[in-house]
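> The structure's right below; bear with me while I get my questions together.
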Amino acid sequence: MNTGYSCDVANNFDALPAAMAGLSRWLEEQSVAPAASYLASLALEELVTNCIKYGYDDTAAHVIQIHLQLAGGEMIMTVEDDGHPFNPLEQAEPDTNLPIEERPIGGLGIHMLRKMSDRMEYVRENGKNRVTLHKILNP
Amino acid sequence: MQLSFAEIDGNVRHLKLAGNLDIAGTLAVETKVLAHCGGEQPRVLIDLAETRFVSSLGLRLLLQSIKTVAARSGSISLLNPSIPVAGALEIAGLAAYIFRGAETAAAAALKSNPSVS
């Protein structure tokens with residue numbers, strides 16, 4: 001199997017629901033395993049949301065590009081944006097063992113992506129951030 | 001995202017979340033969910049059996065709910081999440097709040113062990 005999916009998401013929150021729905025449809029059509037499907041939806045929401053919230057200082061329209069590929073028993077998802085440099089792999093991991101009253105509310109999005117994927121990579125190239133997530137489809 | 005509410009045994013609040021706890025879904029229900037976590041020693045079941053997806057914003061809501069209930073010396077459980085949703089809860093450090101079984105059994109567990117949270 002070697003199948004791909006691409007979509008462009010505008011840098012505003014109104015664009016997210018349609019992008020999420022389109023991705024979900026495609027994942028369902030391809031019968032992608034639940035764990036990989038969950039990761040793909042999570043990556044779309046978390047990385048696009050981060051980019052919209054923190055990626056730009058201007059009010060211009062920007063495009064965040066999403067690519068998925070199912071090949072060699074693996075799902076490979078790439079999210080590329082032209083926002084400020086942001087390496088999610090440098091984010092501190094939240095301490096999820098703290099007592100509940102001391103637990104910070106945020107910081108879980110990137111943490112979940114790192115834990116749910118088999119491999120996560122980041123490069124800054126040609127003025128763009130590119131995050132790539134790998135997930136083995138039938139471990 | 002749809003939220004339905006019922007009381008079990010008169011004083012256990014059973015909240016059922018059906019759909020996706022993504023940005024849109026979380027924003028649609030967060031005020032109501034947190035309102036149900038108020039009061040004195042609240043006993044709350046958040047039923048996730050029909051919740052298909054929880055993003056970090058959804059996890060924030062669940063964590064905030066747990067904190068709100070704990071601050072009021074109440075008890076709370078996350079009932080019957082699917083395997084992918086349970087995986088997200090575990091990664092977020094919320095495994096101790098997952099309860100699998102009938103809602104009446106969960107309500108009984110809250111009664112007999114109010115310090116479950």
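> For the protein assembly as shown, what does the helix formula give at 222 nm: sum of -39500 (n - 2.57) over DSSP H segments with n ≥ 4, over the residue count, nearest 500 deg cm²/dmol?
So the calculated ellipticity at 222 nm is -11500 deg cm²/dmol.
> Scan around B:ILE76 for amide H atoms under 5 Å from its own, H built in the peptide plane at 1.01 Å from N, and keep only partners 5 or more places away or cross-chain.
Long-range HN contacts for B:ILE76: B:VAL44, B:SER117.
> Could you size up the charge dipole of the protein assembly as shown around its Cα centre, putting +1 on the beta carbon of Lys and Arg and -1 on that of Asp and Glu, and report it in debye to the nearest 20?
660 debye
> Could you sort the residues of region A:1-47 by number and keep only those whose accessible area is reduced by 40 Å² or more in the all-protein-chain setting relative to the chain alone, 1.4 Å probe?
A:TYR38, A:GLU45
> Let me ask something additional. So if I take the centroid of the Cα atoms in region B:1-78 and the same for region A:9-52, what is the distance between those two points in Å?
Each part reduced to its Cα centre gives a spacing of 24 Å.
> Now a separate question. Name the aspartates and glutamates eligible as straight-distance cross-link partners of A:LYS115: C-alpha to C-alpha under 13 Å, and not fewer than 8 places from it in the same chain.
The qualifying aspartates and glutamates are A:GLU93, B:GLU90.
> Taking 8 Å as the Cα distance limit and 6 or more residues as the minimum spacing, I'd like the relative contact order of chain B as a percentage.
Worked out over chain B, it gives 25 percent.
> Right, here's the next one. Whole-Hz ³J(HN,Hα) for each residue in region B:86-93, computed from phi via Karplus 6.51 cos²θ - 1.76 cosθ + 1.60 with θ = phi - 60°, x for glycine and proline: what do you get?
Coupling constants for region B:86-93: 4, x, 5, 5, 5, 4, 7, x Hz.
> Working out 0.36 nm times the residue gap between A:LYS128 and A:TYR56, then minus their Cα-Cα distance, what length gain in nm do you get to one decimal?
Result: 24.7 nm gained on full extension.
> Computing the accessible area with a 1.4 Å probe over protein heavy atoms, can you report the carbon and sulfur percentage for region A:2-136?
48 percent
> Here is a follow-up. Using a probe radius of 1.4 Å on protein heavy atoms only, what is the accessible area buried between chains A and B, both sides summed, to the nearest 100 Å²?
Result for this pair: about 1900 Å² buried.
> From the phi angles alone, apply the Karplus equation (6.51, -1.76, 1.60; θ = phi - 60°) to region B:22-35 and give each ³J(HN,Hα) in whole Hz, x where the residue is Gly or Pro.
Running phi through 6.51 cos²θ - 1.76 cosθ + 1.60 with θ = phi - 60° gives 9, 4, 5, x, 5, 4, 6, 10, 4, 4, 5, 4, 5, 4 Hz.
> Please list, by residue number, everything in region A:61-84 whose backbone N is under 13 Å from a paramagnetic label point 7 Å out along Cα→Cβ of A:ILE136.
Once the point is set 7 Å along Cα→Cβ of A:ILE136, A:73-75 turn out to lie under 13 Å by backbone N, inside region A:61-84.
> Report the residue, chosen from A:ALA15, A:ALA33, A:ALA92, that carries the largest GNM mean-square fluctuation when chain A is represented by alpha-carbon nodes joined by springs under 10 Å.
A:ALA92
> With charges set only on the Cβ (+1 for Lys and Arg, -1 for Asp and Glu), what does the dipole of region A:2-136 come to about its Cα centre, in debye to the nearest 20?
280 debye
> Can you tell me the 0 to 90 degree angle between the C-alpha axis of helix B:103-112 and the longest principal axis of chain B, rounded to 10?
50 degrees
> If r is the Cβ-Cβ distance from B:THR31 to A:ALA10 and R0 is 30 Å, what FRET efficiency results, to the nearest 0.05?
For R0 = 30 Å, the calculated efficiency reads 0.60.
> Any idea of the accessible area per residue across the protein assembly as shown, 1.4 Å probe, to the nearest Å²?
47 Å²
> Indicate the residues belonging to region B:15-30 that lose 20 Å² or more of solvent-accessible heavy-atom surface (probe 1.4 Å) upon moving from the chain alone to the assembly of all protein chains, ignoring ligands and nucleic acids.
B:ASP22, B:ILE23
> Per q in 0.10, 0.17, 0.22 Å⁻¹, report the Debye log10 I(q)/I(0) for region A:34-139, using one uniform scatterer on each alpha carbon and no solvent.
For the requested q values the scattering log ratios are -0.31, -0.83, -1.20.
The values are calculated or read from the model by the stated rules, or taken from the named source; none is laboratory data. Just so it is clear, the model here is predicted, and its values are computed rather than measured. Methodologically, a virtual Cβ is constructed for each residue, glycine included, from the backbone with ideal geometry; neighbour enumeration extends over all protein chains shown. SASA here: full protein model, heavy atoms, side chains in, ligands and nucleic acids out. Shrake-Rupley method; radii C 1.70, N 1.55, O 1.52, S 1.80 Å.
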